[in-house]
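Rule-based calculations on the coordinates, nothing more; no lab input. In this text the structure is predicted, and so the values were computed from the model without any measurement. Note: ideal-geometry Cβ built from the backbone for every residue, glycine included; neighbour counts use all protein chains shown.
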Amino acid sequence: MSDSVSNSILDTIKDTCQLFSKYELTKGELARAQELVDKLENHKITVSVIGQFKRGKSTLVNAILGDKILPVGIVPVTAVVTTVEYGEKAAAVHFENGIIKEIGFDQMSSYINEQENQDNRLGVSEVRLYCPSDFLKGGLTFVDTPGVGSVHQKNSDAAYSYVKESDAVIFMLSVDSPINQIEIDFLENAKEYAAKFYFAVNKIDSIDKSDLDDYLSYCRNLLSKLMGVDDVMLFPVSAKNNTGVEELKEAIVRDCQTTVQEIIEESAKLKMRDIVASALSQIVLYRTALGMTHAEFDKTFEEMDGFFGEIKKEAAEFAENFPSNPRMLEAHMNDIKNQLSAKVSELFGIEYHYTISDVDFFRGGKAAEDGSRDLRESFAAAVDSVCSDLKDTLMAIFMHREENTYKVARRINDLNRLVRKLVQLRSQLAE
Ligand SMILES: Nc1nc2c(ncn2[C@@H]2O[C@H](COP(=O)(O)OP(=O)(O)OP(=O)(O)O)[C@@H](O)[C@H]2O)c(=O)[nH]1
Ligand SMILES: [Mg+2]
């Protein structure tokens, strides 16, 4: 672990926070950057096991921890995210309404297991376990997630949502099935968030050596293309028989001891790059607007404001058709961001960037009797917030309406300096 490296990224982010704190325009970015500082200072790393249902994720978590603590089975089992941290054995259920309840290990299944807590009707947000496994020493949080792609949509949603909180992931494949589109989609999504990937190929006990070789080279080819790297690290394992698990565990522990900071930094860097890009957009937009004549700006503002109205109306209609489908809503949200960016570019002649991870519909909304969630309200709030990011930046222009030309010129100068610093920072973060 190199402290100098970790200090430098931490320092960079802290310096940027200071820079952001001087400007009203970047207060959203400031809050996001401060979260990163918190994470880097606490040296916490989250490793999640993700993948399609029934690949053997929970069995692998048990094998790695050396303790059969999680329920496993032939039918979809894991219905809620389960985190494991170092400590004396203990378990607590966190409910969506904020209540936390300590439970015994023998009661765990009734909260985690899909068969007992169907479609998570108990409203569990996550189960937190503590276990004195060496693997967890040093601040590692190990996470078992529900499988994606089963008929239990809510399990997929919970898994998709948790990936965003992961620094590294073990992506679980299994020799009894070729990689399918559900896995590819999930991986594409995970790629945006996690900095480190371990690919575990499970159930090697069920095929012979030559079939395994074929399967591994097939995975290697496909995954290299998907991940955009020449070589991916594959770990053939049998979670059930504890074969190959040690190698995977060693690789993770080694990385955690030697490059844990690098992993966290890499992921902080990815997030910070996004934050800087978003700050640059606000500032360049503001600077461009500031350089317009009053008449020009008023006309453009009116047009933009009308466009917000259309976007919101369209979004409300869309949500009527898909009130409980987070993925459709997220897709529409991306569409809205693209439309807004295109409009800004048309009216102001600049590019406008939105952060990737701003909104999360997967956990929002109230569950109905049948387990479905009405996400219309949280979707509308998210659309509002995306529009108001832009609108607030433009509204700030009105506050400085009365300033004389000299003051405006100084302000533009100051913003130019800030833009230069941020552009520099952006390229530093891209290294
Ligand atoms: N043959 C073989 N079976 C395995 C192995 N690992 C897990 N299984 C079996 O695969 C089934 C699914 O295992 P789980 O660990 O529950 O799978 P999961 O990915 O956590 O499933 P969900 O939580 O429903 O997504 C169980 O019947 C396990 O016994 C393995 O290495 N070899
Ligand atoms: Mg499971």
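Assorted remarks:
- Where labels lie 7 Å past Cα in the beta-carbon direction, separation of residue 350 and residue 399 in nm: 1.6
- Cα long-axis angle, helix 3-21 against the chain (0 to 90 degrees, to the nearest 10): 40
- Taking 7 Å steps out from each Cα toward its Cβ at residue 122 and residue 303 produces label points 5.7 nm apart.
- Net length available on complete extension from residue 413 to residue 34 is 133.8 nm, with 0.36 nm assigned per residue and the Cα-Cα distance removed.
- Sites residue 42 and residue 428 - FRET efficiency at Förster radius 25 Å, r taken between beta-carbons, to 0.05: 0.60
- Residue-span extension gain [residue 406 to residue 8] - 0.36 nm each, minus C-alpha spacing: 139.5 nm
- Computed from Cα atoms, the angle from the helix 294-321 axis to the main principal axis of the chain rounds to 30 degrees.
- Reachable aspartates and glutamates, given that their alpha-carbon falls under 13 Å from the alpha-carbon of residue 271 and they are not under 8 places away in the same chain: 29, 35, 165, 167, 192, 358
- Unit charges on C-beta of K, R, D, E only; dipole of the chain, Debye: 780
- Degrees, to the nearest 10: 153-163 long Cα axis against longest axis of the chain: 70
- FRET efficiency estimate (nearest 0.05) - Cβ-Cβ, residue 226 to residue 92, R0 30 angstrom: 0.25
- The simple spin-label model puts a point 7 Å past each Cα toward its Cβ; for residue 339 and residue 151 those points are separated by 3.6 nm.
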